[in-house]
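Worksheet: one structure, shown below.
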Amino acid sequence: PLIAGLQRLETVAVEVPFSVSVVSAAEPFIEARVAALNEAWRGTGRSCRFRAWSVQTLFDALRECEAVIIPSSPSDPRKSVKSPNRFTESVWAGRFVLAHPLPAYLPFVQCGWVGDDLAAGLRWLVQNPEEALETVSELRSRHMGFTLDILGEAVTSETQADAYAKAC
């Protein structure tokens, strides 16, 4: 979902030059795909870099970014049980979130953009930056907060996810 999600964002690239920091568990496959995307994007005004997940890296990335994009596979049964921690951590940090419609994110649709087409969400964000900022500001002014979950994920690869799913 991560690489496919990034590739789908290319439809917006002509309108919105963007840089992406991928914060994820260190896996050679993901790192290689991110490096290949960065190479393909060279000279286009876009960039893509990999950052190995840690609590500090997550906080640094949230502080440095303007928005958070959370690609996923809503049709994947393993994703339907995800917690909302990625979404809520991003809102907690004061960032506008664009995410696929996982069941755990649906209660938070008023906090960001949730839909099947992340490119459309990015396009909306660029066309409506004041409204997006107002959304985040309104949540903060109401002292709306979330619990910060830094426990991480139970699995770090598709192989582990499959083994975990079989065990449950």
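Which percent of the accessible area of region 1-103 is formed by carbon and sulfur heavy atoms (probe 1.4 angstrom)? Carbon and sulfur together cover 55 percent of it.
Put Leu58, Leu9, Leu133 in order of accessible area, highest first, and with a 1.4 Å probe you get Leu133, Leu58, Leu9. Between Asp116 and Glu31, the modelled label-to-label distance comes to 3.6 nm, taking each label 7 Å out from Cα in the direction of the beta carbon. Average accessible surface for region 1-49: 56 Å² per residue, computed with a 1.4 Å probe over protein heavy atoms with every protein chain in place. In this structure, the amide hydrogen of Ala25, modeled 1.01 Å from its nitrogen in the peptide plane, lies closer than 5 angstrom to those of Trp53, counting only residues at least 5 positions away or on a different chain. Solvent-accessible area per residue in region 52-119 equals 46 Å², computed with a 1.4 angstrom probe and all protein chains kept. Taking a ≥ b ≥ c as the square roots of the eigenvalues of the Cα gyration tensor, an a/c ratio of 1.5 or more together with a/b no larger than b/c marks region 51-135 as oblate. Which shape class applies to region 1-51: rounded if a/c is under 1.5, otherwise prolate when a/b exceeds b/c and oblate if not, where a ≥ b ≥ c are the square roots of the Cα gyration tensor eigenvalues? Because a/c hits 1.5 or more and a/b exceeds b/c, region 1-51 counts as prolate.
The values are calculated or read from the model by the stated rules, or taken from the named source; none is laboratory data. Not measured: the values here are computed from a predicted model. Here Cβ is always computed from backbone atoms with ideal geometry, including for glycine, and neighbour counts include all displayed protein chains. These accessible areas exclude ligands, DNA and RNA; they are computed on the full protein's heavy atoms, side chains included. Shrake-Rupley method; radii C 1.70, N 1.55, O 1.52, S 1.80 Å.
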